[in-house]
1. Report ³J(HN,Hα) in whole Hz for each residue of the stretch 14-30, in order, from the Karplus equation J = 6.51 cos²θ - 1.76 cosθ + 1.60 where θ = phi - 60°; Gly and Pro get x.
2. In nm, to one decimal, how far is the A35 label point from the V93 one, both placed 7 Å along Cα→Cβ?
3. List the residues whose amide H sits under 5 Å from the amide H of D103, counting only those 5 or more places along or on another chain, with H placed 1.01 Å from N in the peptide plane.
4. Taking a 18 Å limit on the Cα-Cα distance, which of the listed pairs K16/K94; K16/K71; K16/K75 fall beyond it?
5. Subtracting the Cα-Cα distance from 0.36 nm times the residue separation, let me have the gained length for N55 to E79 in nm, one decimal.
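Derivation of every value follows stated rules applied to the coordinates shown; laboratory data play no part. All values derive from a computational prediction rather than experimental measurement. Positions of Cβ are backbone-derived with ideal geometry, glycine not excepted, and every protein chain shown enters the neighbour counts.
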Amino acid sequence: MAFSLNRAQLIGNVTKDPEVRQTGGGQMVASFSIATNSSWVDKTGQRQEKAEFHNVVIWGKLAEVAQQYVKKGKKIFVEGRMQTRDWDGEDGVKRYRFEIVVDSMILLDRAGAPSGEGVDATYERKSNSSAMKSAEPAGEMVSVAPAGADEVSLDDLPF
């Protein structure tokens, strides 16, 4: 039996408010990008910095949460699987897009607080069912949706 793993974890800053749309089948999808930074000292002793930009896609109820709470400049943790999509552009050239399909996220800024002041909530989408739940890493526990995921609205969130 061969073993494989496709997981990505990112902590970074949201570069723009999520673009949210609805598919023809009525499912919500949000997309935005996250910037991660790295720094090092080169051979000459000079400090170097580099930013990487990551495309993020979120589906379903989690996309609705992202639409309401994820904002440009906020710090966020996302976890999901990596995928590459391809399509033919209007000019006939094949295009590729590498993205992270998110199944859990943690908002790392408290609502209404300046960036970097603690964890607000964790949201997770279970891939084996349509249920989503919240975990408690350091912030308050918030249930986004119990087993009947369609029974809870965003108005039910306590923050």
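1. Going residue by residue, I get 5, 8, 7, 4, x, 8, 10, 9, 10, 6, x, x, x, 8, 7, 9, 10 Hz, with x marking Gly and Pro.
2. Output for this residue pair reads 2.5 nm.
3. Close amide H contacts, sequence-distant or interchain: E79, G80, R81.
4. Working: K16/K94 26 Å; K16/K71 7 Å; K16/K75 12 Å.
Too far apart for the 18 Å limit: K16/K94.
5. Numbers: separation 24, 0.36 × 24 = 8.64 nm, distance 1.24 nm.
Result for the pair: 7.4 nm of gain on full extension.
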